[in-house]
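Working notes, structure below.
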Amino acid sequence: MFQIIKSAFSNQHSLKILSVAIFFSLCIHLPAQEYQTVKAAKGDGIYSVLKKNGYSPAQFLNPFIELNKSKLGKDNTLIIGRTYRLPLKDTTTSAIPNKVSAPEKIQPKPKKLVYEIFGSKYREITVKNQDLDGATYYLMSGHGGPDPGAIGKLNGRLLCEDEYAYDVTLRLARGLIECGAAVYMIIRDPNDGIRDESFLTPDKDEVCYPDNEIPLSQLARLQQGTEAVNQLHTLNKNKFQRLVVIHVDSRSTKENIDVFFYHDKGSNSGKRLANTLMQTFMQKYATHQPNRGYNGSVSERNLYVIKNSIPPSVFIELGNINHTRDQQRFIIPDNRQAVANWLRDGLIEDYKKSIK
Ligand SMILES: [Zn+2]
């Protein structure tokens with residue numbers, strides 16, 4: 001068995017956009033004999049190998065992936081013992097230049113991206129527009145790892161909050177990337193991509209960005225996620241950034257709670273974000289289910305993650321996992337997609353308002 005080692009996900013430079021993008025159809029016509037090669041050793045990742053050999057990871061990450069894509073492991077990991085080519089140092093004109101080294105406007109943006117985190121069916125993404133160009137999102141689904149969060153029941157099966165929140169969050173992430181945003185999934189599952197199933201099998205293998213084991217203690221877990229966001233915030237300073245935290249509530253079986261939005265006291269940007277999202281939901285329900293009525297709300301709430309995170313944030317409760325009507329929002333995959341699309345549209349609206 002090959003040992004899959006340190007993922008390219010686990011370094012920060014490679015993570016500018018959620019993870020590592022593989023760019024398609026790059027034509028690098030260069031003589032093969034000039035490539036330097038390296039053998040991956042234990043603990044090596046693309047970032048560390050580049051750095052060790054005097055390459056700027058920011059500049060050469062994508063050329064390296066392009067050059068070695070047939071030899072990389074899952075999520076662009078290096079496999080111990082395999083030999084990899086180092087990019088030629090004068091390839092910068094034929095490779096897509098990194099943002100850091102090229103003026104924003106001239107740089108051709110890749111139209112096709114691949115992110116393994118979305119799973120085999122959804123890993124390829126076609127960027128449809130640039131509505132969110134310049135925006136960075138941290139998406140954090142509730143709980144995960146040893147903590148399943150709220151647990152509901154339907155037809156004798158258990159519905160775990162962390163799985164449903166994660167699936168909606170993944171769908172949202174994909175939707176944002178399609179609109180040109182940079183997205184970081186803070187809670188990450190190595191093998192659950194977007195799942196088109198009603199009953200999402202609970203597991204405990206989620207990790208916190210980049211690949212940290214999630215502790216059981218609630219406070220430690222919340223601190224871990226918040227810290228991950230705040231570190232990334234520093235990395236992305238001067239950019240437009242928002243944190244979106246997605247949970248599912250659990251209350252009595254009778255209580256239908258709809259989608260609720262919370263923001264931190266004193267954060268005007270967070271408040272505007274929450275209000276814009278709720279207005280979007282009101283409009284969507286009015287259009288798609290005019291007789292339904294929507295009882296969601298926006299309010300301040302003292303919650304660790306939104307209180308301690310640096311970027312403006314919103315905390316969303318998608319509904320009551322024990323209520324029959326709310327459960328339809330979770331167990332029908334199309335409904336999870338619709339919720340994600342509405343959140344995406346709300347975020348686009350918020351971005352437009354914010355950059356005016
Ligand atoms: Zn929760």
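Miscellaneous remarks
- Under 14 Å, Cβ to Cβ, from ILE355 - net charge with Lys/Arg +1 and Asp/Glu -1: +2
- Annotation: amide H of ILE321 within the under-5 Å range of ASP249, SER250, ARG251, sequence separation 5 or more or interchain, hydrogens built in the peptide plane.
- P(r), alpha carbons of the range 185-273 - 10 Å bins starting at zero, rounded %: 12, 34, 39, 14, 1
- Summing Lys and Arg as +1 and Asp and Glu as -1 over all other residues whose Cβ lies under 10 Å from the Cβ of ASP147 gives a net charge of -1.
- Dipole in debye (nearest 20) - the range 212-356, about Cα centre, beta carbon charges: Lys, Arg +1; Asp, Glu -1: 400 debye
- Pairs beyond 21 Å (Cα-Cα), from LYS111/LYS356; LYS153/LYS204; LYS271/LYS353: LYS111/LYS356
- Three-way shape call for the range 247-356 based on the alpha-carbon gyration tensor, with the a/c threshold at 1.5: oblate
- Listed by chain and number, the lysines placed with their C-alpha closer than 19 angstrom to that of LYS265 are LYS307; residues fewer than eight positions away on the same chain are left out.
- Inter-label distance, ASN268 to SER70: 5.7 nm, where each label sits 7 Å from its Cα along the C-beta direction.
- Under-5 Å amide H pairs with LEU243, H placed in peptide plane, nonlocal only: TYR138, SER313, VAL314
- Relative contact order for the range 112-355, counting Cα pairs under 8 Å that sit 6 or more residues apart, in percent: 24 percent
- Derived scalar couplings between HN and Hα for the range 247-252 equal 10, 10, 8, 9, 9, 5 Hz in order, rounded to whole Hz, by the Karplus curve 6.51 cos²θ - 1.76 cosθ + 1.60 (θ = phi - 60°), x for Gly and Pro.
- The 3J(HN,Hα) values that the Karplus relation (6.51, -1.76, 1.60; θ = phi - 60°) gives for the range 293-299 are, in residue order, x, 10, 10, x, 8, 10, 8 Hz. Gly and Pro appear as x.
- q = 0.10, 0.11, 0.15 Å⁻¹, the range 112-355: log10 I(q)/I(0) [Debye, one scatterer per Cα]: -0.42, -0.51, -1.03
- Of all DSSP beta bridges in the range 112-355, antiparallel share, percent nearest 5: 45 percent
- Listed by chain and number, the lysines placed with their C-alpha closer than 27 angstrom to that of LYS52 are LYS6, LYS16, LYS39, LYS42, LYS69, LYS71, LYS74, LYS89, LYS99, LYS237; residues fewer than eight positions away on the same chain are left out.
Values in this text are rule-based calculations from the coordinates and carry no lab data. Everything quoted here is computed from the prediction, not taken from an experiment. No Cβ is skipped: glycine too gets one built from the backbone with ideal geometry, and neighbour counts run over all protein chains shown.
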